[in-house]
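Structure first, then comments.
Where a number appears in this text, it was derived from the coordinates with a stated rule and is not lab data. Keep in mind that what you see is a predicted model, and the values were worked out from it rather than measured. Cβ atoms come from the backbone with ideal geometry, glycine included; neighbour counts cover every protein chain shown.
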Ligand SMILES: O=C(O)CCC(=O)C(=O)O
Ligand SMILES: [Fe+2]
């Protein structure tokens, strides 16, 4: 690990994305604060997109596929409320996933994940002092695969931010849709009325366009979001870089069982 941007050479398009530049950081931060999401198209250079995609296709047969019916809070139902209540309504999510231990040691994804220059950029725009890898061997870097018909149903994330890289776009569908600031999880404002309108398709949603090579930083804890069903020939391949704001944190055992089918 070095403190320079050299580790990012051949991975990040540093001309278009000058990660250490204060003006660039300010612009990214204001977009994230305004929209709840920041998209940086052309974040990865073409060579890195190609090698990450090839690694992804090579390891696709290892992916653990899940198809779950779940509520939008990814929590056990509330037995006090009826099944038709937004708290308990069910959506479907289906996707395949490979875990950190299945990503090659020399992968550009790993170099990016651990690069100080990238981590400093994230801290600056997220207003946090540091980022840390997960303590368990599975959760830090994941590759998600969605084939025709697969989707992620509406949900709120438990973590306050997520970082994704689009590696291969599907032919059609697989669109990321969201509604900003529907709830406030920290002060318990659930806003079930607006939540229900979103589930009923009665509220306009925003979408994030992402071409291969785009980085997306998304605050998904209070902004409900989904990925529409993939259509057409190409698998949607997405890298997820997950960090904690404190050291020594593992993803919960129940989440690891659900997402990966194993603990380590
Ligand atoms: O696939 C995506 O673009 C978003 C993934 C997501 O929302 C999640 O993993 O919680
Ligand atoms: Fe999410």
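Taking the stretch 2-53, which residues are surrounded by fewer than 16 Cβ atoms within 10 Å (Cβ to Cβ), on the phi < 0 side of the Ramachandran plot and outside any helix (DSSP H, G or I)?
2, 3, 4, 9, 15, 16, 18, 20, 21, listed by residue number.
Out of the residues in the stretch 136-164 that are more than 15 Å from ligand 2 (Cβ to nearest atom) and touching a strand residue (DSSP E or B) at 6+ places or on another chain (Cβ under 8 Å), state the one that is nearest to residue 252 (Cα to Cα).
140
Select from the stretch 170-179 the residues that are surrounded by 20 or more Cβ atoms within 10 Å (Cβ to Cβ) and more than 16 Å from ligand 2 (Cβ to nearest atom) and list them in ascending order.
170
So which residues in the stretch 102-119 are surrounded by fewer than 17 Cβ atoms within 10 Å (Cβ to Cβ) and touching a residue at least 60 places away in the same chain (Cβ under 8 Å), if there are any at all?
114, 116
Pull out all pairs, ordered by first then second residue, where Cβ-Cβ is under 6 Å, the residues are six or more apart or on different chains, the first lies in the stretch 149-177 and is more than 19 Å from residue 53 (Cβ to Cβ) and in contact (Cβ under 8 Å) with a residue 12 or more places away in the chain, and the second is near ligand 1 (Cβ under 10 Å from one of its atoms) and assigned to a loop (DSSP other than H, G, I, E, B).
Short answer, once both residue conditions are applied: 155/74; 157/220; 162/220.
Restricting to the stretch 75-100, count the residues that are touching a residue at least 24 places away in the same chain (Cβ under 8 Å) and either touching a helix residue (DSSP H, G or I) at 6+ places or on another chain (Cβ under 6 Å) or surrounded by 15 or more Cβ atoms within 10 Å (Cβ to Cβ) (or both).
Residues flagged as touching a residue at least 24 places away in the same chain (Cβ under 8 Å) and either touching a helix residue (DSSP H, G or I) at 6+ places or on another chain (Cβ under 6 Å) or surrounded by 15 or more Cβ atoms within 10 Å (Cβ to Cβ) (or both) within the stretch 75-100 amount to 13.
Can you tell me which residue within the stretch 219-236, out of those that are near ligand 1 (Cβ under 8 Å from one of its atoms) and within 16 Å of residue 72 (Cβ to Cβ), is surrounded by the most Cβ atoms within 10 Å (Cβ to Cβ)?
225
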